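K.L.:
One structure follows; several queries about it will come next.
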Amino acid sequence: MIKRLKICLIIIVCMFLTTGCWDEREINDRAIILGWGFDQNEDGDYIGSAQIVVPGEVGERSSGQGKGYIVETATGKSLLDVTQNLQRKLSRNVFLSHQKVIVIGERLARNGISNILDVYSRQPELPIRTNFFVLKNGDALDFLEVPYKMEDMPSTAAMKMFQSTAGPESTTFKDFLEGASSEGISPTLPILEIISSKKEGNQEKEKDSETFRLGGRAIFNQNLELVGFLSYREAVDRLWIINKLNTHNLTTNLLGEEGNVGIMGMNFKSKIQPIIQNNQVEFHITLSGTGVVRENNTALDLKQTKNLQRIERSFNKNLQDHMINTITKVQKEYKTDILGFGQSVHKKYPRKWKIWKKDWSKKFSDADITVKVDVHIERTGVTGAPLHLKESEIQK
Amino acid sequence: MKLLLNLRKIKKFKLSEMIDSFSSEEPDQSIKSDLSANERFLQDIFQQCSDVVFRVVPINDKTKLLFVYIDGLCDTKPLDEMVLNLGRASEKKCEVFIFEEFVANQLRAVAQIKSIKNVNELINGILTANVAVLVEGETTALLADLKGFEKRSIEEPSSEPVIRGPRDGFTETLRVNTSLIRRRIRSPRLKIESFTIGKLSKTDVAVVYIEKVANDSVIEEVRKRLESIEIDGVIETGYIEEFVEDFPFSPFPQVQNTERPDIVCGSLLEGKVSIFVDNTPSVLIVPMTFWSGLQAAEDYYERFIYVTFIRWIRYILFNISLLLPSIYVAVTTYHTQLIPTNLLISIAAAREDVPFPVLLEAFMMELMFEALREAGIRLPKTIGSAVSIVGALVIGEAAVQAGIISAPMVIVVAATGIASFAVPRYNFGTAYRLLRFPMLILAGLFGLYGVILGTIAILIHLVHLQSFGVPYLSPIAPQNPKYLKDVLVRAPRWSMHRRPIRVAGQDKTRIPEGQRTKT
């Protein structure tokens, strides 16, 4: 019995000795930070802005009192410094583990963000899977102050917007780090834009306030400096090339006819073939996909195979043109390989890559590129020609 | 003369000691032939026992009969009839015949009788509801078994109701209880061994088992443990339970108890041994395993697919009843990262006005819940509803509205309460009810680390536990895949061919193979 008591005592003492940090803290003593913004002022100091939940107001939000959160800012030399300065303004302990979004102001992004990244992967409390955004034309603080009606917290809204539109491509902090550390492809980040909340097409009646929407992609070079933006449509092209496009609705005008056709595209695939001749690289890009007709604003009867072929031809031509525009923009204007062309060279010509990788952006911008798009329409929906057309109007 | 001397000596002792000495220490006392001497002697022993009746019946001038019995324990109606017959018989023929023999024959017609010469046996006989008949001039007395005391009729046990299954329950009478078993198992292999335990109470205890189905070593162990009990009185099976338990300091019961004959019969057929005690409806079953604490009688009456599902629900709820409050405390105070953001904000909003730390809040609520439960058990039924109203209004409504307790905590405690009610065996659920509090403290001090340490400690204890040589967690630990059929699932009857291995005796087969209906 005494021996057993001794053993129990030893175990209990060990329990006290082997604990880690004593981090007991009530929920109500934590300032839950949902959104974090990073900016840089003229002196080069970082400005951190935090969207902090005010739990007492959350329940009352429906009754119109309070918005459920506050935004506080602090400056400092690093994130650690900023947090410490922020704490001086807060009665509750800064709690960063529940950050939903990290937004970077455009100015900071252009100056380079490599100095703020390390802390996120080093501190265990900071979630590495936070969504990462760049705010186009503005400071991150502006974004955090924009109200958003549908969700309790605007930060959650940004995250959910991204999840519901971007499909399989995730841009958590982890993905960005992976992109930044791998060779042959440069990292990109999704963009948030602050826009007027006026309904499109209804310019007069409403009061002008702000809301935000998801934009295309921000392009970073290997030094993690922002070099430019892709529009939302161009970002879709990029996804197709890097083989991550899942389903996407595509609409195109018919070649030489009036009207347009919309399809729901699926099974998007891409194949990048680098060919090196005379120390000059050439890329043949083959893009394929299948589609289901969802909208037909032409007079064509889609039960006819030749009409389907016409639609496919129009799609291939128009998509090809758009794709070439996008690639040329990336190549000539931004000179940054965000399309993974470097990776394909690395795979096929590993020796050449070792020589080329240092000035790859130059090689990339000089490369000749040919694009071939092959969209195959598999189904046409329930009807052939639009039902509202008279028999005589339908093109067989 | 010798007897009188003895009596004087004995008179110096107290009454209780006197009876003791008569019953065990001096077995050589014999009945005298003088009836009045015997009467005086017995009256001395049963001094101040107002319920003992001495009835002297003169049959004719010479012969007298003395009936001694305890009022209320015996049915005296047949006795009266017999006396009338005797009077008539003696009037008719006044011949000399062995009157003792004649009385015995008359009695034999109405009751089981025993003729004895020993005073101790006589006293014991009177105390165990026999009528003692002493005849003038005879040195033997007759004990007529005319038990006829009031007993409760067989009812459905209110503590273990079922939807499907037999509705009879044990009563306070040992013989009725054993008859309920005998009616279900009509085999001479069903053995009912009797013991008498208790120096004063002399309670009848019966060990019931099926020969060759129960393991001999378990039966022998039960016998040994019962025989070594020295106690003044046994009022309930709980008295016996604490003597036969292997680990009395464990919060987990190692002996199962029930008021249902069908549960006892099911266990007997599995090869277990049960212990009946007179004057209580609850019956002990040994050995017990952890899993039998989570099995209900209906598990074997309902369809097996549904029962498998219900069993898993029970396993989950059982763990919830132990862990939910402590996990809530640990996660909200230490591991806030683990809570989904929306939930976190809701909890934070609900807790905004609460003045207490989560641990204290949890403790208060758990305490109140236990108080409600305890108050509800023993209150008269008419007041009982008041408790639930006060509980629901004060704790559920007012405390939350006043901001003293947060709503999530009420939900957690309520969920824990409901989960703990899902444990089919009441005394098994109490183990986790107890352990919930140390787990709460561990969670409050160390967070999930403490919860995990506590769980590991409980597991170590459970693995270490044994009940009559059977590991408490078997057949999970030590694992025996063959016998998981009745633990992880409830396999169909026709596929459970063997008895649980560690309990069963030589006769291991329950159901021969190949009995599934062919279609």
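K.L.:
So, of the residues in the stretch B:345-362 that are more than 48 Å from the chain's Cα centre (by Cα) and at the interface with chain A (Cβ under 7 Å from one of its Cβ atoms), which turns out to be surrounded by the fewest Cβ atoms within 10 Å (Cβ to Cβ)?
P.N.:
Restricting to residues being more than 48 Å from the chain's Cα centre (by Cα) and at the interface with chain A (Cβ under 7 Å from one of its Cβ atoms), the top hit is B:E352.
K.L.:
Of all residues in the stretch A:99-149, count the ones that are within 15 Å of the chain's Cα centre (by Cα) and of a type in the set (S, T, Y).
P.N.:
Of the residues in that region, 1 qualify.
K.L.:
Restricting to the stretch A:122-178, name every residue that is among the polar types (S, T, N, Q), assigned to a loop (DSSP other than H, G, I, E, B) and either outside the structural domain of A:I102 (by TED's automatic domain parsing) or under 23 Å from A:F229 (Cβ atoms) (or both). Talk me through it step by step, then tell me what you get.
P.N.:
Within the stretch A:122-178, the subset among the polar types (S, T, N, Q) is A:123, A:130-131, A:137, A:155-156, A:163-165, A:170-172.
With assigned to a loop (DSSP other than H, G, I, E, B) added as a condition, the list becomes A:123, A:130, A:137, A:170-171.
Passing the criteria: A:T130, A:N137, A:S170, A:T171.
K.L.:
Looking at the stretch A:102-109, is at least one residue more than 14 Å from chain B (Cβ to nearest Cβ), modelled with pLDDT of 85 or more and part of a loop (DSSP other than H, G, I, E, B)? Show your work before the answer.
P.N.:
In the first step, residues of the stretch A:102-109 are kept if they are more than 14 Å from chain B (Cβ to nearest Cβ); the result is A:102-109.
If we keep only those that are modelled with pLDDT of 85 or more as well, we get A:102-109.
Now drop any that are not part of a loop (DSSP other than H, G, I, E, B), which leaves none.
Scanning the stretch A:102-109 turns up no residue that is more than 14 Å from chain B (Cβ to nearest Cβ), modelled with pLDDT of 85 or more and part of a loop (DSSP other than H, G, I, E, B).
K.L.:
Collect the residues in the stretch A:334-352 that are aliphatic (A, V, I, L, M) and closer than 23 Å to A:A218 by Cβ, keeping them in residue-number order. Explain how you work it out, then say what you get.
P.N.:
Going through the stretch A:334-352, the residues aliphatic (A, V, I, L, M) turn out to be A:338-339, A:345.
Matches in the stretch A:334-352: A:I338, A:L339.
K.L.:
Here's another thing I want to ask about it. Restricting to helices (runs of 4 or more DSSP H) lying wholly in the stretch A:285-396: which have 2 or more residues that are among the acidic types (D, E)? Give the derivation first.
P.N.:
On the way: elements: A:305-328, A:341-348, A:350-356, A:360-366.
The qualifying helices (runs of 4 or more DSSP H) are A:305-328.
K.L.:
Taking the stretch A:131-152, which residues are within 14 Å of another protein chain (Cβ to nearest Cβ) and modelled with pLDDT of 85 or more?
P.N.:
If the condition is that a residue be within 14 Å of another protein chain (Cβ to nearest Cβ) and modelled with pLDDT of 85 or more, then A:N131 is the only one that fits.
K.L.:
Being within 11 Å of chain B (Cβ to nearest Cβ) and either without any contact (Cβ under 8 Å) to a residue 24 or more places away in the chain or basic (K, R) (or both) is the filter here; which residues of the stretch A:87-101 pass it?
P.N.:
Residues of the stretch A:87-101 that are within 11 Å of chain B (Cβ to nearest Cβ), as a first pass: A:92-93, A:95-100.
Listed by number, the residues that qualify are A:R92, A:K100.
K.L.:
Given the options B:I383, B:I313, B:I395, name the one that is in a helix (DSSP H, G or I), more than 11 Å from every other protein chain (Cβ to nearest Cβ), among the β-branched types (V, I, T) and surrounded by 13 or more Cβ atoms within 10 Å (Cβ to Cβ).
P.N.:
Exactly one residue qualifies, and that residue is B:I395.
K.L.:
Something else: Any residue that is under 30 Å from B:V273 (Cα atoms) and within 14 Å of another protein chain (Cβ to nearest Cβ) - is there at least one of those in the stretch B:408-421?
P.N.:
So the first thing to find is which residues in the stretch B:408-421 are under 30 Å from B:V273 (Cα atoms), and the list is B:420-421.
Next cut, within 14 Å of another protein chain (Cβ to nearest Cβ) only: none.
The answer is no; no qualifying residue exists.
The values are calculated or read from the model by the stated rules, or taken from the named source; none is laboratory data. Model, not experiment: these values are computed from the prediction. Here Cβ is always computed from backbone atoms with ideal geometry, including for glycine, and neighbour counts include all displayed protein chains.
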